[in-house]
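Asker: Quick one: this structure, given as structure tokens, is what I'll be asking you about.
The values are calculated or read from the model by the stated rules, or taken from the named source; none is laboratory data. Keep in mind that this is a model prediction, so the values were computed, not measured. Counting neighbours? That spans all protein chains shown, and the Cβs are built from the backbone with ideal geometry, glycine included.
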Amino acid sequence: MTWSGFTYATPRDPSRQSRGAKIAELARMLGWEPMPWQQHVWDVATEVDAFGNYVYEKVFVTVPRQSGKTTLFGPVELQRAVEFPASKVYFTAQTGDDARTLLKNLISSVEASPLSRFFDGKRSAAQTGMVTPRGSEIWAFPPKPEKIHGKTPVLVGIDEIWTLDDVQSKGLITDGIEPAQRTLYGKRQIWYLSTAGTAESTFMKRQVERGRRSVEQPGTDPKFAYFEASLPEGADPYDREAFAAFHPAVGYTQDVDDLFALVDGSAPPEEQVDHSTWLRAYCNRWTESREVLIPDWDDLADPTLGAAWADVAIAWEVAHDNQMGAILATWRNDDGTACTRVVHAAPGTQWMEDLLVSIHGHGPGAFGADDGGPTRRLNDRLRLRLGDDAITTLGMKDFGVACETWLTAARDEKTLLQDGSKTLANGVAFLVMKRSGEISRFSRSDAAGPVAAPIASAVALWLYDHRDAPSWTPVTSY
């Protein structure tokens, strides 16, 4: 079975045999009907060559929460224990308790199914697992390298790999699991299962980049199978149709309205999630940190914000790799409170030059951008069309001041009013500060997603506060 909804997915090679059908049979015996995306993963990840050796040694699956990734791996554990008598299968998660809880759930499902006569469940304070009459074992273990040393597991599953940093992953995987599997050529597999990560998820980030590259450039990483279902770049995370189009469990085990109740206020307060969690866990989009830089961002929203062209500073920013562009207006109201709103934001950047030329014709009070990153090219084009004096650009020091001023107003003083747009909210979820010498500023390259909107907003606030003409005359409203 092929599922076409993945953002990235290693394709099925029909010339190879697969253990996918056997795994699906075990799932049904447990009372689970496989979803198309699960069947696709099983079919591809368990392909074998002409000698019966597993083609893929590493399998990476990243899907949003409530997709069924836990039920995905359970039947794989059972299948592998049956396929290789006297073999060992290990499973870990964020903590040893998490791993034991997930494996206990699988044990309970097995005990309530026709498979109960083939697996003997073990539950104790020391060990949680199953054994088979033919000597195979399935065990949960805490994510510590010493817990896998001396073992020879044919299969290891690691749930929520995003929680591991470089030091933890090196100890667990490079120094622990991989040496333990060295003698098991043709049998060994490591499965990584996770929702999207944060800036701290350095190991996972490299694996995601590796997996995407293996899909885009077939044959470059032949032992790595990769499967990702995530909200596409540029899509609105609060658009129900866009959400339903990518989420692999919607229409099978999940309902869009039930999931959106978590963020639209209709679910009980204890079940509701914040914007950052919605992006990372439910849209499977990377965020910068487990705790967002500005946790109370939504409380600063005022959708009615507006001002005259001549009373605002206009700034723009091009996101890393030209993913999108944003044009922001920022000003201070009568009591000095900073206000900001999105003038326009969209994928790509080809639209920006002509629109900015048009906006310049309206006579904004200040007009410019930071002169860093891909924005520099756009600045050069605008100078050619409008003249060298038409735009103001910031250097590194000024940009650092702009970022710190804006962050202080939004996070610490809570005196920045914003328009409540998803463009700004998404950008804020990705924000991270980077220090260079004595200067701290928003980082473009380290961001897990586009931060063009908050950067443009911060630059516009700096331009407003440093405009040459202290007294403005309103021209027209927008």
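Asker: So which residues in the range 219-254 are farther than 26 Å from residue 324 by Cα, loosely packed, with under 13 Cβ neighbours inside 10 Å and without any contact (Cβ under 8 Å) to a residue 60 or more places away in the chain, if there are any at all?
Answerer: 219, 220, 251
Asker: Give me the strands (runs of 3 or more DSSP E) completely within the range 260-349, filtered to those with at least 2 residues that are touching a residue at least 40 places away in the same chain (Cβ under 8 Å), more than 27 Å from residue 231 (Cβ to Cβ) and of a type outside the set (A, V, I, L, M, F, W, C), ordered by residue number. Lay out the reasoning, then the answer.
Answerer: Working: elements: 313-318, 324-332, 338-347.
Counting at least 2 such residues, we get 324-332.
Asker: Within the range 71-91, count every residue that is modelled with pLDDT of 95 or more and within 31 Å of the chain's Cα centre (by Cα).
Answerer: Here the count works out to 12.
Asker: Small (Gly, Ala, Ser) and touching a strand residue (DSSP E or B) at 6+ places or on another chain (Cβ under 8 Å): which single residue out of 157, 171, 176, 150 fits that description?
Answerer: Working: 171 fails: touching a strand residue (DSSP E or B) at 6+ places or on another chain (Cβ under 8 Å); 176 fails: touching a strand residue (DSSP E or B) at 6+ places or on another chain (Cβ under 8 Å); 150 fails: touching a strand residue (DSSP E or B) at 6+ places or on another chain (Cβ under 8 Å).
Just one listed residue meets the conditions, 157.
Asker: Of all the residues that make up the range 174-189, how many are more than 30 Å from the chain's Cα centre (by Cα), buried (at least 19 other Cβ atoms within 10 Å of the Cβ) and at pLDDT 95 or above?
Answerer: Taking the range 174-189 as the starting set, the residues that turn out to be more than 30 Å from the chain's Cα centre (by Cα) are 180, 182-187.
If we keep only those that are buried (at least 19 other Cβ atoms within 10 Å of the Cβ) too, we end up with 180, 187.
Subset that is at pLDDT 95 or above: 187.
Qualifying residue count for the region: 1.
Asker: Then there is this: Could you grab me the full set of residues in the range 190-218 that are part of a loop (DSSP other than H, G, I, E, B), among the hydrophobic types (A, V, I, L, M, F, W, C) and surrounded by fewer than 21 Cβ atoms within 10 Å (Cβ to Cβ)? Even if it seems obvious, please write down each step before you answer.
Answerer: Quick first cut of the range 190-218, residues part of a loop (DSSP other than H, G, I, E, B) only: 195-201, 217-218.
Right, trim to among the hydrophobic types (A, V, I, L, M, F, W, C) and you get 196, 199.
Correct list: 199 only.
Asker: Check 329, 315, 308 and return the single one that is assigned by TED's automatic domain parsing to the domain that holds residue 377 and in contact with a Lys or Arg (Cβ under 6 Å, 6 or more places away or on another chain).
Answerer: Working: 315 fails: in contact with a Lys or Arg (Cβ under 6 Å, 6 or more places away or on another chain); 308 fails: in contact with a Lys or Arg (Cβ under 6 Å, 6 or more places away or on another chain).
Result of the check over 329, 315, 308: 329.
Asker: Got at least one residue in the range 43-50 being in the same structural domain as residue 22 (by TED's automatic domain parsing), crowded, with 24+ Cβ neighbours inside 10 Å, among the hydrophobic types (A, V, I, L, M, F, W, C) and touching a strand residue (DSSP E or B) at 6+ places or on another chain (Cβ under 7 Å)?
Answerer: Of all residues in the range 43-50, those in the same structural domain as residue 22 (by TED's automatic domain parsing) come to 43-50.
Remaining after also requiring crowded, with 24+ Cβ neighbours inside 10 Å: 45-46.
Those still in the list that are among the hydrophobic types (A, V, I, L, M, F, W, C) too: 45.
Those still in the list that are touching a strand residue (DSSP E or B) at 6+ places or on another chain (Cβ under 7 Å) too: 45.
Yes: the range 43-50 contains one or more residues that are in the same structural domain as residue 22 (by TED's automatic domain parsing), crowded, with 24+ Cβ neighbours inside 10 Å, among the hydrophobic types (A, V, I, L, M, F, W, C) and touching a strand residue (DSSP E or B) at 6+ places or on another chain (Cβ under 7 Å).
Asker: For residue 234, indicate whether it is of a type outside the set (Phe, Trp, Tyr), touching a strand residue (DSSP E or B) at 6+ places or on another chain (Cβ under 8 Å) and not assigned by TED's automatic domain parsing to the domain that holds residue 368. Show your work before the answer.
Answerer: On the way: of a type outside the set (Phe, Trp, Tyr): yes; touching a strand residue (DSSP E or B) at 6+ places or on another chain (Cβ under 8 Å): yes; not assigned by TED's automatic domain parsing to the domain that holds residue 368: yes.
Considered against the rule, which asks whether it is of a type outside the set (Phe, Trp, Tyr), touching a strand residue (DSSP E or B) at 6+ places or on another chain (Cβ under 8 Å) and not assigned by TED's automatic domain parsing to the domain that holds residue 368, residue 234 comes out as yes.
Rundown of residues vs (1) part of a helix (DSSP H, G or I); (2) surrounded by 24 or more Cβ atoms within 10 Å (Cβ to Cβ); (3) touching a residue at least 40 places away in the same chain (Cβ under 8 Å), yes/no style:
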site	(1), (2), (3)
14	no, no, no
41	yes, yes, yes
52	no, no, yes
64	no, yes, yes
70	yes, no, yes
94	no, no, yes
108	yes, no, no
115	yes, no, yes
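Asker: For the structure I just gave you, tell me whether residue 378 is surrounded by 14 or more Cβ atoms within 10 Å (Cβ to Cβ), among the aliphatic types (A, V, I, L, M) and within 23 Å of residue 450 (Cα to Cα). Even if it seems obvious, please write down each step before you answer.
Answerer: Numbers: surrounded by 14 or more Cβ atoms within 10 Å (Cβ to Cβ): yes; among the aliphatic types (A, V, I, L, M): yes; within 23 Å of residue 450 (Cα to Cα): yes.
Answer is yes for this residue.
Asker: Hey, any hits in the range 118-140 for a residue that's closer than 20 Å to residue 226 by Cα, hydroxyl-bearing (Ser, Thr, Tyr) and outside any loop (DSSP other than H, G, I, E, B)?
Answerer: no
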